[in-house]
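These notes are about the structure you will find just below.
The values are calculated or read from the model by the stated rules, or taken from the named source; none is laboratory data. Keep in mind that what you see is a predicted model, and the values were worked out from it rather than measured. Here the Cβ positions follow ideal geometry from the backbone for every residue, glycine too, while neighbour counts run over all protein chains shown.
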């Protein structure tokens, strides 16, 4: 049985993955070192996945595969050696790792694969057939920004790769990052720009033909005139002319929302055009998407509805957090007669925490906690949500990727018009313009949304049906859309049970779902992280394993205008330390 370790290191979203014979364990380093988008060598993540897979030592791994991004390959090898690894290690291009993470995890036996991000591995040679504006001889290297593949069986064949250089041409991923910085966000905070775009309007002052068609590739031509940072600043001023840049703490103007709207529409138009061309070239009816831009829900929905593919699979960790998965799956399937394919039906690729570990975290904070053990935790949590409370949900292995899907989630009632404000101001401490996702029973999604089938990974945007939307105001964004998560009984049973109980109580088959963290910190991983989230935020309660936990009366904050204690069911009380 072949065992492969996938590594992504020294670039944002580092992490590790173990893959063997259809079994996969994966985690991002940030979940463990608690540094948002950690770029550290993922030593903790490596130990985590080895332990989760029941592997006694790192040298039981047959091969370690890592992606090449700029010049970090040698540092990654050194990091592996420092962990004691003496086995075979193989490099892989960044985009090839993205492609493997999508195709080898997909349900397809053949597919077209599209990878689009800000920038990937360097190119050492002039790409054959590339137009003259790609030439970068005085730089000596280029970076991939778009890659197109045809996959079949265990083979992923490159169709075309677009290279760009800092100063010559930029793709939609880089433009999105540039706009995010211009608007006062981090360049990797594309979700903020996407949320803000819904408040924007079309303005003729922006260049609608910003992307040039370069022999089938869509890029923004741009030549260097000075230092890179100065050039990119100049580019922002040129593209976004007439819109003042915004500082991180400055007021958001309508002009900023309009700029976000423009960049979002450029993303949708560009991604749709690239997908249509790939459909024409490959003839495949199946598409796999990866790269950071594949987290863009509106663009994904455009592709699903208009690009000509019958089926689209988007790997939930499609940004760089998914690179370890791609490296591991590539190493598993690249040799002839490889292991059976891994079909990614869910994203719960972390390890399970035992009841003993959960009890230990509760005992540590026993002075501040009121702990019960309901006969039916799902029903008790649904009742709390129906009473207007906000609740954390910690259950089973953690999700892989940036979206919380019910393992490390914060849940709330979508019926309350003020619930977004409550979550933003008391729990998440984040910008008021950002939406919250509805987690809806898969079989009931069409009652509320114009959906195009299952959306288990929260990567598609659906229009809400006007009538039913009035019943769920907190789940519908400013433009009448929602970032939909459909919940399936087989792959997500705990969240399904909670939503079903909420439906029984309220007639609404959905809850709001957002990640268990506050602004600027990673999503919770351990029981300790979950308890800390309860204690330091305005969360009303936390379902953790089979326990329902609240802050002691002095620290409990009920939802505004509600007194919820009288409506709770009588549960078995837990006292410390005798019962735990």
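Set side by side, the residues 401, 388 differ, and just one is surrounded by 19 or more Cβ atoms within 10 Å (Cβ to Cβ), assigned by TED's automatic domain parsing to the domain that holds residue 492 and in contact with a helix residue (DSSP H, G or I) (Cβ under 7 Å, 6 or more places away or on another chain), which is 401.
Whether a residue is within 22 Å of residue 341 (Cβ to Cβ) and either without any contact (Cβ under 8 Å) to a residue 60 or more places away in the chain or within 20 Å of the chain's Cα centre (by Cα) (or both) was assessed, and residue 84 does not pass this test.
Does region 401-420 contain any residue that is under 26 Å from the mean Cα position of the chain (by Cα), farther than 29 Å from residue 14 by Cα and part of a helix (DSSP H, G or I)? So far as region 401-420 goes, yes, one or more of its residues are under 26 Å from the mean Cα position of the chain (by Cα), farther than 29 Å from residue 14 by Cα and part of a helix (DSSP H, G or I). Would it be correct to say that residue 112 is in contact with a helix residue (DSSP H, G or I) (Cβ under 9 Å, 6 or more places away or on another chain), within 27 Å of residue 264 (Cβ to Cβ) and either surrounded by 22 or more Cβ atoms within 10 Å (Cβ to Cβ) or modelled with pLDDT of 95 or more (or both)? Yes: the conditions hold for residue 112.
Every residue in region 522-557 that is out of contact with any strand residue (DSSP E or B) (no Cβ under 6 Å at 6 or more places or on another chain), buried (at least 17 other Cβ atoms within 10 Å of the Cβ) and not in a helix (DSSP H, G or I), please. Answer for region 522-557, where residues must be out of contact with any strand residue (DSSP E or B) (no Cβ under 6 Å at 6 or more places or on another chain), buried (at least 17 other Cβ atoms within 10 Å of the Cβ) and not in a helix (DSSP H, G or I): 522, 525, 526, 537, 538, 540, 545, 551. When 456, 432 are checked against the criterion of being closer than 20 Å to residue 502 by Cα and in a loop (DSSP other than H, G, I, E, B), 456 stands alone in meeting it.
When restricted to residues that are assigned to a loop (DSSP other than H, G, I, E, B), at pLDDT 70 or above and over 29 Å from the mean Cα position of the chain (by Cα), region 196-237 contains 6.
Kindly establish whether residue 56 is assigned by TED's automatic domain parsing to the domain that holds residue 14, over 29 Å from residue 175 (Cβ atoms), modelled with pLDDT of 95 or more and in a loop (DSSP other than H, G, I, E, B). In short, no.
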